[in-house]
Protein chains: 2
Amino acid sequence: MRSREVRLERRPNGSPVRDDFSFAEVDLPDPGPGEVQVRNLYMAMDPAMRGRMSEARSYVPPFELGKAMEGPAVGEVVASNDPNFAPGDLVWSRLGWREGFTAPADKVEKRSRDLPPQAYLGFAGMTGLTAYVGLLHSAALKPGDTVFVSAASGGVGSVVCQIAKLKGHKVIGAAGGERKKRYLLDVLKLDGAIDYKAEPSLTKALAREAPQGIDVYFDNVGGDHLQAALAIANKYARFALCGMISQYNSTEPSAAPRNLTAAVTKELTLQGFIALNHLDKMDAFLADVRAWHAAGLLTSAETVYEGLDRSLEAFDGLFDGSGLGKMLVKIA
Amino acid sequence: MRSREVRLERRPNGSPVRDDFSFAEVDLPDPGPGEVQVRNLYMAMDPAMRGRMSEARSYVPPFELGKAMEGPAVGEVVASNDPNFAPGDLVWSRLGWREGFTAPADKVEKRSRDLPPQAYLGFAGMTGLTAYVGLLHSAALKPGDTVFVSAASGGVGSVVCQIAKLKGHKVIGAAGGERKKRYLLDVLKLDGAIDYKAEPSLTKALAREAPQGIDVYFDNVGGDHLQAALAIANKYARFALCGMISQYNSTEPSAAPRNLTAAVTKELTLQGFIALNHLDKMDAFLADVRAWHAAGLLTSAETVYEGLDRSLEAFDGLFDGSGLGKMLVKIA
């Protein structure tokens, strides 16, 4: 089997450009003992990939130059030399950015067919676990809480919103542009939505949408969104700090928030978290997610780009605000 | 009894100036039924007073203009019309900034004579409770933690340092000036001390003093100190956010810290707290503090100004860096 792949050729300075990457085609060897060969169906885009393109030390090592990048993917086993896998099995791996691969069987995990394949890249995958852990554990959501979510129409944000809504909470989402605002109100049925691009003051907009204040803030953005949340937070509010996408492409550090003293006077809890370190909650998460999906309470919010050739476009979509929900590439 | 008192005459803009205050003398009435008359011995200065001089909403209401300010004080009952108090009793109150007062008995609390009177304004008072709650509860100090304390020679900081040391921790303190640095090393016996005024980079200084990183940060300062702590924090470090004195006198918001994304990647917990809301821990705190004091492990770190006339000087001392330990005014 031949497989095309996307390689990182140099470390981006600020926003990645086309010449930072190359496309190559490789021959996949037949699987040796204990190996499987997989054809990828979907891969998912993840803001954390931007971090791995840089050399800076983070919680995962940087991508290697001249090699195919990595990222979550679901695929189908096409050939197996391992007793635990058979052709046709649906598998999850971190070997995205390529049409297929031959790898040791321990690099893939079997997934059941009771959910659509791409769900394992979204609400039933790390994206969903991130939403679940951040909202229910890091922010310790409790009855009566009003919830504010930034990047609410994004991959993680859209799952956070759905979980908070199905649990009966008042939810306010922020996203950029009228189309996303309509999506938050019409599709996700939020109680309030803020188009931050249309608001002269995010703090005033949040005060208007949440006149009773907010008790939980799920932060995907940092910067001015975090500043607005600090300003409008009620006493004892809990913030789950999931990511600060406003800063990933910055070549210089950002200045906001300027009102962190609110954390003292309101006795706030700001809890950073990385879902990868909460895999012990995976079983409870999957059980909840299957039940919510079966009950029609949780849907896949996604934007699909067709073909590996469009993968860089999908990646840009994470940052340029063009996509709704999880950004996926349909590879086959 | 006649009593001089210090009144707030107008709300300071930036650092308070002499004309923001006035001195007045009043006649204290004899105590009516259920009242006591008290002569203050000591009053304590507290950075939170600066907040109450402003109109901004906080966790306590602002001082009223034209009236004596308030703040922690210890005094001696001179006359009592309440069965629970007798002349000579040592009492704690919030009725500082005056030589004496006549007030309902429920405005004062009896204190035992087994500690020096001013201890109830320092390590055995709200200052001590703040250190205790922040270090042991908000930051959840645990064996093996390396502890970083900002404003380490101050009222709260010096108690935090002593508690962390007597529990066997490696403790790094930051303070401004060579005199305070010597105090941290020679008197409080810290493992490392940083004179932030002499360091071009607080982050580099902290990295040098804590090459193994820090696990707990007790923040009295915010701004660049918080930024250094974020940079040098180990994974899962816990920050107790107690106050951000660097910003209390600012007329415009401060920009730092610029590296809050570290809270995500290192899964930090930033916990704001106000000791007033942890009075349920008072009994355990006082039992521990008495035992530590009796064992010679906890001493009163204080700078004493003689006479109510010097109270504004003592208040300035909180911010101009002239004082070591708790800033006290000896009134009688």
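Overview of results
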item: Lone unmet requirement of (1) buried (at least 18 other Cβ atoms within 10 Å of the Cβ); (2) touching a Phe, Trp or Tyr at 6+ places or on another chain (Cβ under 8 Å) for A:Ala193; result: (2)
item: Matching entry among B:Glu76, B:Glu109 (being of a type in the set (Asp, Glu), surrounded by 15 or more Cβ atoms within 10 Å (Cβ to Cβ), at pLDDT 95 or above and not in a loop (DSSP other than H, G, I, E, B)); result: B:Glu76
item: Breaking point among (1) over 16 Å from B:Ala124 (Cα atoms); (2) under 17 Å from the mean Cα position of the chain (by Cα), for B:Val147; result: (2)
item: Candidate set: segment A:153-179, residues that are part of a helix (DSSP H, G or I) and among the small types (Gly, Ala, Ser); chosen: the one nearest to A:Pro47 (Cα to Cα); result: A:Gly155
item: Candidates A:Ala295, A:Ala301, filtered to the one that is surrounded by fewer than 17 Cβ atoms within 10 Å (Cβ to Cβ) and either among the acidic types (Asp, Glu) or at negative phi (or both); result: A:Ala295
item: Qualifying residue in segment B:40-61 (condition: more than 30 Å from B:Ala151 (Cα to Cα) and either in contact with a strand residue (DSSP E or B) (Cβ under 8 Å, 6 or more places away or on another chain) or part of a strand (DSSP E or B) (or both)); result: no
item: Odd one out for A:Met45, checked against (1) closer than 25 Å to A:Gly321 by Cα; (2) modelled with pLDDT of 95 or more; (3) surrounded by 19 or more Cβ atoms within 10 Å (Cβ to Cβ); result: (2)
item: Any hit, segment A:26-37, residues being within 21 Å of A:Leu121 (Cβ to Cβ), within 24 Å of the chain's Cα centre (by Cα) and modelled with pLDDT of 95 or more; result: no
item: Subset of segment A:250-267 that is more than 16 Å from B:Thr265 (Cβ to Cβ), modelled with pLDDT under 75 and surrounded by fewer than 20 Cβ atoms within 10 Å (Cβ to Cβ) - its residue that is nearest to the other protein chains (Cβ to nearest Cβ); result: A:Ala255
item: Members of segment A:77-96 found to be touching a residue at least 60 places away in the same chain (Cβ under 8 Å) and under 11 Å from A:Lys110 (Cβ atoms), listed by number; result: none
item: Selection status of A:Phe101, surrounded by fewer than 23 Cβ atoms within 10 Å (Cβ to Cβ) and in contact (Cβ under 8 Å) with a residue 12 or more places away in the chain; result: no
item: Of the criteria (1) surrounded by fewer than 24 Cβ atoms within 10 Å (Cβ to Cβ); (2) at pLDDT 95 or above; (3) in the same structural domain as B:Pro211 (by TED's automatic domain parsing), which one B:Gly176 fails; result: (2)
item: Count - residues of segment A:1-28 that are part of a loop (DSSP other than H, G, I, E, B) and touching a residue at least 24 places away in the same chain (Cβ under 8 Å); result: 10
item: For A:Gly154: the one exception among (1) surrounded by fewer than 24 Cβ atoms within 10 Å (Cβ to Cβ); (2) at pLDDT below 95; (3) not basic (Lys, Arg); result: (1)
item: When residues of segment A:174-232 are limited to those that are within 19 Å of the chain's Cα centre (by Cα) and at positive phi, the one farthest from the other protein chains (Cβ to nearest Cβ); result: A:Gly223
item: Residue identified as within 14 Å of chain B (Cβ to nearest Cβ) and either assigned to a strand (DSSP E or B) or modelled with pLDDT under 90 (or both) among A:Ser300, A:Ser322, A:Ser246; result: A:Ser246
item: Some residue of segment A:183-204 being assigned by TED's automatic domain parsing to the domain that holds A:Val149, farther than 27 Å from A:Ser300 by Cα, part of a helix (DSSP H, G or I) and in contact with a Ser or Thr (Cβ under 8 Å, 6 or more places away or on another chain); result: no
item: One residue from A:Phe123, A:Phe85 being within 30 Å of A:Leu297 (Cα to Cα) and aromatic (Phe, Trp, Tyr); result: A:Phe123
item: Failed item, numbered, when A:His137 is tested on (1) assigned by TED's automatic domain parsing to the domain that holds A:Tyr236; (2) out of contact with any helix residue (DSSP H, G or I) (no Cβ under 8 Å at 6 or more places or on another chain); (3) outside any loop (DSSP other than H, G, I, E, B); result: (2)
item: A:Arg50 being closer than 28 Å to B:Lys235 by Cβ, over 15 Å from the mean Cα position of the chain (by Cα), of a type in the set (Lys, Arg) and at pLDDT below 95; result: no
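One line per residue, one yes/no per condition, for (1) without any contact (Cβ under 8 Å) to a residue 60 or more places away in the chain; (2) outside the structural domain of B:Ala68 (by TED's automatic domain parsing); (3) within 30 Å of A:Asp224 (Cβ to Cβ); (4) in a loop (DSSP other than H, G, I, E, B):
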residue: B:Arg258; (1), (2), (3), (4): yes, yes, yes, yes
residue: B:Ala263; (1), (2), (3), (4): yes, yes, yes, no
residue: B:Phe285; (1), (2), (3), (4): no, yes, no, no
residue: B:His293; (1), (2), (3), (4): no, yes, no, no
residue: B:Arg310; (1), (2), (3), (4): yes, no, no, no
residue: B:Phe315; (1), (2), (3), (4): no, no, no, no
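The values are calculated or read from the model by the stated rules, or taken from the named source; none is laboratory data. Computed from a predicted model, the values in this text were never measured in an experiment. We place every Cβ from the backbone using ideal geometry, glycine too, and count neighbours over all the protein chains shown.
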